[in-house]
Amino acid sequence: MASLLLIHGGLWEEGMDAARFWRQPGIEAGLERRGFDVFAPDRLYQAPDWTTEASHLAQAIPDAPVTVLAGSNGCSAAARLAVDFPGSVTRLLLAWPADAGDPVIDNWERGHLAGLGATPEVIDALLAGHTLRGLADRELASLTMPAGVLRSVPANPFHQQHTADALLRLLPQAAELPGCPEPPRPEFPPYLEPFLDTVAAFAVT
């Protein structure tokens with residue numbers, strides 16, 4: 001059975017780690033029950049940029065290449081990993097991709113990150129990007145592995161529909177998968193089993 005690398009969401013905040021995003025909602029255990037070798041490392045805490053995040057994740061892959069499931073801001077780290085380490089990612093599932101370039105959201109994030117101690121230079125590096133933070137659209141368009149895009153349903157200000165739409169246009173082999181709420185949200189539990197089915201089908205197709 002395939003190996004799965006799970007990359008959790010969050011942007012610098014304390015407590016948004018693999019346990020909260022993947023383990024507590026039952027996703028990691030559910031995928032293991034379906035026969036996958038699952039690796040769900042914590043992202044580099046308060047990384048200064050997405051390139052550094054990708055390097056950290058590359059070291060966490062025990063047996064590349066892998067299928068990657070990424071959530072929210074973890075989508076930026078996952079896509080950066082795929083770009084910076086060619087051949088390390090065989091399939092890429094971007095779930096609940098976080099918006100980039102929204103002036104209202106970015107302004108809120110700037111204040112949030114500054115409150116957590118990020119310097120202006122680090123904030124600029126974390127928020128820069130086109131469809132996804134940390135990447136130019138031409139870099140996303142260069143990713144030729146099979147890709148899945150899973151929307152946040154319902155959409156919310158941090159995970160808007162236009163971001164998923166853009167990824168579906170940009171990624172050469174992208175397919176839309178059934179959406180659901182993000183796993184840290186209280187609305188997620190009824191969607192657990194259908195979500196696991198979606199991930200499993202994508203990983204072995």
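Close Cβ contacts (under 7 Å, 6 or more residues apart or on different chains) running from residues in the stretch 171-195 that are modelled with pLDDT of 95 or more to residues that are of a type in the set (Lys, Arg) and part of a loop (DSSP other than H, G, I, E, B) are absent.
Condition (residue is part of a loop (DSSP other than H, G, I, E, B) and within 23 Å of residue 204 (Cα to Cα)) applied to the stretch 93-102: is it met by at least one residue? Yes, that holds for at least one residue. For the stretch 148-188, the set of residues classified as within 25 Å of residue 29 (Cβ to Cβ) and among the hydrophobic types (A, V, I, L, M, F, W, C) consists of 149, 150, 153, 177, 180, 188, listed by residue number.
To keep it simple, each residue is scored yes or no on (1) surrounded by fewer than 17 Cβ atoms within 10 Å (Cβ to Cβ); (2) closer than 17 Å to residue 152 by Cβ; (3) in contact with a helix residue (DSSP H, G or I) (Cβ under 6 Å, 6 or more places away or on another chain).
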position: 60; (1), (2), (3): yes, no, no
position: 68; (1), (2), (3): no, no, yes
position: 73; (1), (2), (3): no, yes, no
position: 88; (1), (2), (3): no, no, no
position: 91; (1), (2), (3): no, no, no
position: 99; (1), (2), (3): no, yes, yes
position: 103; (1), (2), (3): yes, no, no
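Does residue 170 meet the test of being of a type in the set (A, V, I, L, M, F, W, C), buried (at least 19 other Cβ atoms within 10 Å of the Cβ) and at negative phi? So residue 170 fits the description; yes. Considering the stretch 130-165, and only residues there that are assigned to a helix (DSSP H, G or I) and polar (S, T, N, Q), the residue that is surrounded by the most Cβ atoms within 10 Å (Cβ to Cβ) turns out to be 163.
If you go through the stretch 166-198 and keep only what is touching a strand residue (DSSP E or B) at 6+ places or on another chain (Cβ under 6 Å) and either assigned to a helix (DSSP H, G or I) or hydrophobic (A, V, I, L, M, F, W, C) (or both), you end up with 167, 168, 171, 174, 175, 177, 191, 195, 198.
What do you reckon, is residue 47 more than 17 Å from residue 113 (Cα to Cα) and of a type outside the set (D, E, K, R)? When the stated conditions are applied, residue 47 does not pass them.
The values are calculated or read from the model by the stated rules, or taken from the named source; none is laboratory data. Computed from a predicted model, the values in this text were never measured in an experiment. Backbone-built Cβ (ideal geometry, glycine too); neighbour counts: all protein chains shown.
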